[in-house]
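The values are calculated or read from the model by the stated rules, or taken from the named source; none is laboratory data. For clarity, every value in this text was computed on a predicted model and none was experimentally measured. Counting neighbours? That spans all protein chains shown, and the Cβs are built from the backbone with ideal geometry, glycine included. Ligands, DNA and RNA are stripped out before the accessible areas are found, and what is left, the full protein with its side chains, is counted by its heavy atoms. Shrake-Rupley method; radii C 1.70, N 1.55, O 1.52, S 1.80 Å.
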Amino acid sequence: MLEFIIMILRPRFLFAFFLTFLINSTSVFAAETEFFYLEKEPLVRIGLATNVSSAMITTTDSTLVSVSPDEPQKFLGANRVSVSARSYRPPEVEYFYFEIPNIETAGDAAELAKAIREATKQNVSFNIEPATNVWRIRIGEAKQNLIEAEEFKAFLAEKGFETVEIVSMKITQHLPEAVELTQQMAVNPKSNVRSILPERALANKVKPTVSSNPTNFVSPNLREVIVSGTSETAKFSSLKAVAFGSLNERGIPVRYNGKAYRGKIEVFVNANGGLTVVNVVPMEEYLLGVVPKELSLPQIEAQKAQAIAARTYAVANTNGFASQGFDMLPTVRSQVYDGVSSESAMGTQAVLQTRGLIATYKGKPIMAYYTSTCGGRTEDSENIFDHAEPYLRGVNCSLEGKSHFAPFMIRSSRQLADIRNEANYETARMAARYSVNNFLLAAPRFTDDYFEDAPTEAELRSWLYQLAVKFGKPSSSNVTKDTAKPVLLAKVLSELIYTDTNQADTLLSEADINYQLSFLDAGEIPREMRPVMAMLLRDGWFSIYSDLTIKPQKHFSRAKILRLIDHIHRRKNWNLIFESGEARPAIDGKLVLRSGRTDRQVTVSPNVFLFRKFGDAFYQVKEAALVGGEKVNYKINVAGEVIYLEIEPTVNTTVAERDSSFTLWNKTMSAAAVRTNLSRFVRGLGALIDVNIAKQGFSRRATELEIITTNGTFHLKGGKIRSALRLNEQLFVINKRYDSAGRVTSYTFTGRGWGHGVGMCQYGAFGLAKMGVKADAIIKHYYTGVDVTKAY
């Protein structure tokens, strides 16, 4: 029996042991790992207006609804209301008392009061009327309803007290909300709010203290919200904030002064006596109006990154303007928000696909700053703002090393030229250009040996044929390998260049010929060819070797003949057939060119001749990045493929933010203007002598200015530098102009970027997204060490 009991209990014991272990393990895990989680999607409060006299709230729905703290929703029966404010008017309440007047003596009053008390079991009191010196008796509690009063009078008559009279009295009685609001103002003396707000919107929420004399607890300066509409239900006043929404709130927006917003429009009184208007909207619907305003660039992953950053910023800045009764402003001071009118298809998609995602550092939402254009590098937060955050570290606005250019790479399988003789570097490019223009060059790879050898018969026939076509002459049928020798080559060229084959012999005298043929081995030229050679040299169509010889029996090399042909082309202004343009960022190894308002993609042959400019010369390369903005010359074959491509690198920045128009900027100011600007932030400046950058941050931003004046040297630090000088950014260098006395007369600030330069670069996010980087990776690139967390 004992063994049976143990068999039954053992599984339960083991399960309990496992459960205990699991709980303990989970506790340890939770202690080591921090999480951030919200029970539900939060509401965001955006301060649309902070001191207006009136507000018009409308909807295209059948009716507006309103709601105030701790009150049920009210259907207004109107789709338009006007809201204003006025001084608080406490309501008058009519009370009905029960009295027997005109009793002559105190004894009679006391005796009658005792009788009434015994007969009715009611509280009874009596007192004297000073004006008439007679007594009166008051019976029971006052009634607030005339019907109840008549019923009580009848009850007293039944008890034999028929002389009882009903006496009415109107009393001003403050609402409990007035007491609560008075206490709220006392608890929050620095608050700008003068209405009762929802619990989450107000710190130090209070409940009214119960008092027999509430008048003592009411401020004389209270103002209330006045609502006026076309129906009776749409006409009321309130000491509470009143929020208005459409009947179908998720489908039809509510409008404040004509502009449409999702969620509700809340109105309350502020300390100035005017109205504060707040859009109270669920987080995800709020983001629909933020993302397109903050980052409208057409890349879904960039907009998703913006959605995550904006959501994080909103979560981290809950009650950011608590003293004014809201979380954020709809401007750059918080995040730009324009309601329904700014929503876009891609922005909505970005919000939906990132629902609830925020960036956290050690389990807490980060302060997700972002900037328009970072100038190539972001900055450490403490160098711009007054606080250092471990996740707001300066980073490059690019991927590491060559990986940054990988998406834009054009590659060629063609073997690189093997050139040691520097003179042949340009020959390699020239040969490639002629090769793609129907000049036969029988070599898979250009080398010094190839160029120094004589051309083959097939090559020479091809080259001379192409020249004949250009001259409009028939091609010579007597081309052999020996045609590469100077004398025979000169004969063929003269037939192409000169109309009359006897022109040289006719027009040149013997002295003329000897004058032109004054190089070392001119005597080796056959007599019949001397006039032709002399005329070609005289007219600049031919050349000799650098050692002052022509070597009549030696074949010209490929390089020499190609240079000769190229010289003829340039003399005749004949252009090889190429197209040119400005490249857009390459896509999947394709050349992308702007055509009108659209981009045209062109396939690049795997065996393309690929040249890139370094300095002032072009060199053959195996790969080259086209990030956009490069000048390109290219040749397309009959199959529509690029078979020749030469690239002149762009002088623009190649970082991820390169599409921004604020990447580079200049601003020149007179010395007087610089001093005026600085004096708004630095007091006591004398006449300005000089301004220098004293310190730079990670990104090379100016983090401290040295200001030298006749009153001494001053320093300006952090983000104030940009504000004081009124510059786009504080990533800049200073160039100065001096007068004849050596005084600085003007300052030219040459800089990069737009904004404060901390956190995510928006144009950089766009650039990274175009490179295939996903939203979470973009967030982790710009915010150091963060996690992307599902908050709800």
Of (1) touching a Lys or Arg at 6+ places or on another chain (Cβ under 7 Å); (2) farther than 29 Å from MET760 by Cα, ASN573 satisfies every one except (1)
TODO: Could you tell me whether GLY751 is open to solvent by less than 30 Å² (accessible area, probe 1.4 Å) and either of a type outside the set (A, V, I, L, M, F, W, C) or modelled with pLDDT under 95 (or both)?
DONE: yes
Given the conditions (1) farther than 26 Å from CYS397 by Cα; (2) without any contact (Cβ under 8 Å) to a residue 60 or more places away in the chain, every one holds for GLU646 apart from (2)
For segment 668-697, pairs from a residue that is among the polar types (S, T, N, Q) to a residue that is open to solvent by 30 Å² or more (accessible area, probe 1.4 Å) and at pLDDT 95 or above, with Cβ under 8 Å and 6 or more apart or across chains, are THR668/THR748; SER670/THR745; ASN677/ARG726; ASN692/GLU706; ASN692/ILE708; ASN692/ILE734
Listed by first then second residue, the pairs whose first member lies in segment 402-430 and is open to solvent by 50 Å² or more (accessible area, probe 1.4 Å), whose partner is assigned to a helix (DSSP H, G or I), with beta carbons under 6 Å and at least 6 positions apart or on separate chains, are ARG420/ASP448; ASN421/ASP448
Check your understanding: Residues in segment 703-714: is at least one within 30 Å of ASN652 (Cα to Cα), touching a residue at least 60 places away in the same chain (Cβ under 8 Å), of a type outside the set (Asp, Glu) and open to solvent by less than 20 Å² (accessible area, probe 1.4 Å)?
Key -> yes
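Just a yes or no: is a residue in segment 97-107 farther than 22 Å from LEU247 by Cα, touching a residue at least 60 places away in the same chain (Cβ under 8 Å), open to solvent by 30 Å² or more (accessible area, probe 1.4 Å) and outside any loop (DSSP other than H, G, I, E, B)?
If we filter segment 97-107 for residues that are farther than 22 Å from LEU247 by Cα, which is where we start, we get 97-107.
In the following step, the residues that additionally are touching a residue at least 60 places away in the same chain (Cβ under 8 Å) were identified as 97-101.
Then drop every residue that is not open to solvent by 30 Å² or more (accessible area, probe 1.4 Å), which leaves 97, 101.
Within this subset, residues satisfying the condition of being outside any loop (DSSP other than H, G, I, E, B) are 97, 101.
Yes: one or more hits.
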Subset of segment 620-641, residues over 20 Å from ILE577 (Cα atoms), open to solvent by 20 Å² or more (accessible area, probe 1.4 Å) and in a strand (DSSP E or B), comes to GLU623, ALA625
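Right, SER125: in contact (Cβ under 8 Å) with a residue 12 or more places away in the chain and in a loop (DSSP other than H, G, I, E, B) or not?
Details: in contact (Cβ under 8 Å) with a residue 12 or more places away in the chain: yes; in a loop (DSSP other than H, G, I, E, B): no.
In short, no.
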Exception for ILE778 within (1) in a loop (DSSP other than H, G, I, E, B); (2) aliphatic (A, V, I, L, M); (3) surrounded by 21 or more Cβ atoms within 10 Å (Cβ to Cβ) falls at (1)
On the given criteria, is ARG612 of a type outside the set (S, T, N, Q), open to solvent by 20 Å² or more (accessible area, probe 1.4 Å) and either touching a helix residue (DSSP H, G or I) at 6+ places or on another chain (Cβ under 9 Å) or at pLDDT below 95 (or both)? no
With the first residue restricted to segment 567-578 and required to be under 13 Å from SER543 (Cβ atoms), and the second required to be of a type in the set (A, V, I, L, M, F, W, C), Cβ contacts under 7 Å at 6 or more apart or on different chains are ILE568/LEU467; ILE568/TRP541
Every listed condition ((1) on the phi > 0 side of the Ramachandran plot; (2) open to solvent by less than 50 Å² (accessible area, probe 1.4 Å)) holds for LEU768 save (1)
Taking segment 358-373 and keeping residues more than 24 Å from ALA656 (Cα to Cα) and open to solvent by 40 Å² or more (accessible area, probe 1.4 Å) leaves TYR361, LYS362, LYS364
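In segment 232-292, which strands (runs of 3 or more DSSP E) lie fully inside it and hold 2 or more residues that are closer than 19 Å to SER84 by Cα and open to solvent by 20 Å² or more (accessible area, probe 1.4 Å)? So that I can check it myself, show each step before the final result.
Details: elements: 236-238, 242-246, 254-256, 259-261, 264-269, 275-282.
Passing ranges, in order: 236-238, 254-256.
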A careful count of residues in segment 374-401 that are open to solvent by 50 Å² or more (accessible area, probe 1.4 Å), closer than 30 Å to TYR313 by Cα and small (Gly, Ala, Ser) gives 1
If we keep only residues of segment 86-96 that are under 30 Å from ASN270 (Cα atoms) and surrounded by 14 or more Cβ atoms within 10 Å (Cβ to Cβ), then the residue farthest from the chain's Cα centre (by Cα) is PRO90
